[in-house]
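Engineer: Handing you this structure, nothing more for now.
The values are calculated or read from the model by the stated rules, or taken from the named source; none is laboratory data. This is a predicted model, so every value here is computed, not measured. Cβ coordinates were reconstructed from backbone atoms using ideal geometry, including for glycine residues, and neighbour counts include every protein chain displayed. The protein model used for the area step is the full one, side chains on, heavy atoms only, and it has no ligands, DNA or RNA in it. Shrake-Rupley method; radii C 1.70, N 1.55, O 1.52, S 1.80 Å.
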Amino acid sequence: MKNNFKSGRGKSWKERLSVTLGLLLVGVFFLNSLLLAGAEKSGEERRFGSGRIDLNLSVPSQASAESLSLPRPEYPRPDFTRSSWLNLNGEWDFTFDLSDSGEERGLPQGEGFDRKILVPFAPESKLSGIGFTDFMAAVWYKKLLTIPEGWQGQRIKLNFEAADYETTVWINGQKAGTHRGGYTPFSFDITDLCQQKENVLVVRCRDDVRSGRQPSGKQSERYYSYGCMYRRTTGIWQTVWLEPVPAVRIEKYRVYPDLRNGQAVLQVYLNEEPVSGFLTLAVADGQKIVFKETRPAARLTGFVVRLKNPKLWNIRNPYLYDFTLELSTAASGPAVDSVQGYFGLRKIEARGEKIYFNKKPLFMRLVLDQGFYPDGIYTAPSDEALRHDIEISQAAGFDGARLHQRVFERRFLYWADRLGYLVWGEFADWGLDLSRPEALITFQSEWLEAVERDFNHPSIIGWCPFNERWGDNFPGVMESIFHLTKALDPTRLMIDASGGYHLVIPDVYDSHNYEQNVAKFKEAYDGLLLSPPKVFVNGSRERHTPYQGQPYFVSEYGGIWWNPGQQDDKAWGYGDRPRSSEEFLERYKALTEVLLFNRRIAGFCYTQLYDIEQEVNGLYTFERQPKFDPAFFFKVNQQKAAIE
């Protein structure tokens, strides 16, 4: 979608190259630190699936009486679970700090809070109970904490799933830490700060989407929403929770599916090197344990899980293996730490002009999903709403989505894993001025947190850190992020900048095209059939790396607007508005079939799944009600593609 941000010009090329080389060294050091700290149905059944989708489940417009006491009560980290935890969502004390003077005025001590807010909803949202939509330099939260008595002897972690943008935490007036970034989880060990039966937790969130110094995605830098820019999100917008953990514990794991050998490699990381101990991995196929092994524990311990007759994670027909990891002081002793997770066996790769999924040619039938909600903005009103967004997409014949200009919460990816829904992991890069030399450090830190968080989800088939970058960026920023990501995760496909300048050789070559005239749209991609091919690109052809014959993906198209009841000029879509519902459906079918029936095109992504505020080019309304019969789109989208 159209990028409204421009990058300026900076220093001389020698100065900029010097700084870039320095930043690249920092990036390599950061990556090395991460690595060391870490060290089938028939074809027709695959395309059309089985079962029925309930399209009558609309997104709740307001929280129920029960959810007001504890909104979003579900476990927030479903791919890495522990049995003990405490959800801190609900009513908190709150105050605005429009001049960002709260620390000087003593707010960290817990005084001066004049209103209430419902966490985890941002203060701009209706569900928060506030609904203030102007810019906020800083906002403050306060909550009294009582640590459960049964957690004595454990370390206490205070976890934030996401807060936008710079978050600082105080416990009983003492600073616990600061995190920068609006889309990824972070934690503070508050054990030594909690000395009283009742403790005062104070949180400050600073946010400035107009600074050019922070990624902010589709959050409007103007007072009002406009075009494809929408209401902002400031402060806490995902679950806050407490977790008791042992001093030496399981920190994370990584799964590397190995379809060729019918196995999965698990790397298990502890937070520090143990003096002694053992790690046990038990993998279940349904109710049956199919693998169990105990190994001496180390900071990094590897397991090779060999499976007889392995079951694959397929589109709309996923299979997930559940497992338990236990850390104990003796080989047969009780566990001091235990976590549960899951993995799926699947393989995604690019060979020549085709994408292969589980060794079969794949045409990507995707839709653009931006993850906005009428009353919650960035925050879904319920876990059911997250699942429902996937279900209505599948009902319309889409096999997956580009998760556009933000990082979706973990529970969306959990449902994608459970429902067999393909996604591209992206980032909210708009708002960050890439002409600044420090942009590499900012973006690198936040992007790698997202990749690290989502590494194990089988639903994620590709990474794309940037979108529609056509400005004069600081030399090396986009290239270094591409290569760092490929080094961190060689198992997935990658695009450097969707619909932007391809400054490296991406695994998948892509473009955006909102041409509404079907003949002109077809002409743009008929060049792929020539020898040598002439590819459609966005922007100046000279600034792109040449097409190398890799898979070609039309990653944004359509955007046909449809809101026949519009009484003003605030709403918009792309191109000429259809004059009738029949014209809309004919145009959708014709544009989509241009891509399906071109033997050199490997996928499409339609803009978009549902309307968002003034942008009315969704197949569903903002409230997730279908504008047309989803069965029509299902029939069109699920036709066999020429490349399959």
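Engineer: Any idea how many residues of region 232-275 are part of a loop (DSSP other than H, G, I, E, B) and within 18 Å of ARG306 (Cβ to Cβ)?
Structural biologist: Total meeting the criteria: 4.
Listed here are the residues, each with its yes/no results for (1) more than 16 Å from PHE96 (Cβ to Cβ); (2) not hydrophobic (A, V, I, L, M, F, W, C).
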site	(1), (2)
GLY129	no, yes
THR133	no, yes
LYS143	yes, yes
GLN154	yes, yes
THR184	yes, yes
ILE190	yes, no
ARG204	no, yes
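Engineer: May I ask you to verify whether VAL209 is of a type in the set (Val, Ile, Thr) and more than 30 Å from LEU609 (Cβ to Cβ)?
Structural biologist: So VAL209 fails the test.
Engineer: For ALA602, only one of the following conditions fails: (1) under 29 Å from VAL504 (Cβ atoms); (2) in a helix (DSSP H, G or I); (3) of a type in the set (A, V, I, L, M). What is its number?
Structural biologist: Failed condition: (2).
Engineer: Moving on to the next point. Look through region 622-640, keep the residues that are open to solvent by 60 Å² or more (accessible area, probe 1.4 Å) and part of a helix (DSSP H, G or I), and return whichever of them is farthest from ILE612 (Cα to Cα).
Structural biologist: Looking at the filtered set, the residue picked out is LYS635.
Engineer: Next question. Since TRP447 meets every condition but one in (1) in a helix (DSSP H, G or I); (2) open to solvent by 10 Å² or more (accessible area, probe 1.4 Å); (3) aromatic (Phe, Trp, Tyr), which condition does it not meet?
Structural biologist: (2)
Engineer: So, in region 232-252, of the ones that are farther than 17 Å from ARG410 by Cα and of a type in the set (Lys, Arg), which residue ends up surrounded by the most Cβ atoms within 10 Å (Cβ to Cβ)?
Structural biologist: Residue satisfying both the conditions and the ranking: ARG232.
Engineer: Mind checking which pairs have a first residue in region 490-518 that is more than 17 Å from GLN550 (Cα to Cα) and open to solvent by 20 Å² or more (accessible area, probe 1.4 Å) and a second that is charged (D, E, K, R) and part of a loop (DSSP other than H, G, I, E, B), Cβ under 8 Å, 6 or more apart or different chains?
Structural biologist: Filtered contacts from region 490-518: GLN516/ASP576.
Engineer: Restricting to region 564-595, give me the number of residues that are assigned to a strand (DSSP E or B) and in contact with an Asp or Glu (Cβ under 8 Å, 6 or more places away or on another chain).
Structural biologist: Of the residues in region 564-595, 1 are assigned to a strand (DSSP E or B) and in contact with an Asp or Glu (Cβ under 8 Å, 6 or more places away or on another chain).
Engineer: If I go through region 291-312 residue by residue, how many of them are of a type outside the set (Asp, Glu), more than 17 Å from TYR342 (Cβ to Cβ) and either open to solvent by 60 Å² or more (accessible area, probe 1.4 Å) or outside any loop (DSSP other than H, G, I, E, B) (or both)?
Structural biologist: Counting residues in region 291-312 that are of a type outside the set (Asp, Glu), more than 17 Å from TYR342 (Cβ to Cβ) and either open to solvent by 60 Å² or more (accessible area, probe 1.4 Å) or outside any loop (DSSP other than H, G, I, E, B) (or both) gives 11.
Engineer: Moving on to the next point. What tally of residues in region 83-111 results from selecting those that are part of a loop (DSSP other than H, G, I, E, B) and open to solvent by 20 Å² or more (accessible area, probe 1.4 Å)?
Structural biologist: 12
Engineer: Which residues, taken from region 451-499, are touching an Asp or Glu at 6+ places or on another chain (Cβ under 8 Å), in a loop (DSSP other than H, G, I, E, B) and under 16 Å from ALA401 (Cα atoms)?
Structural biologist: Within region 451-499, HIS457, PRO458, SER459, PRO465, ILE495, GLY499 meet the criteria.
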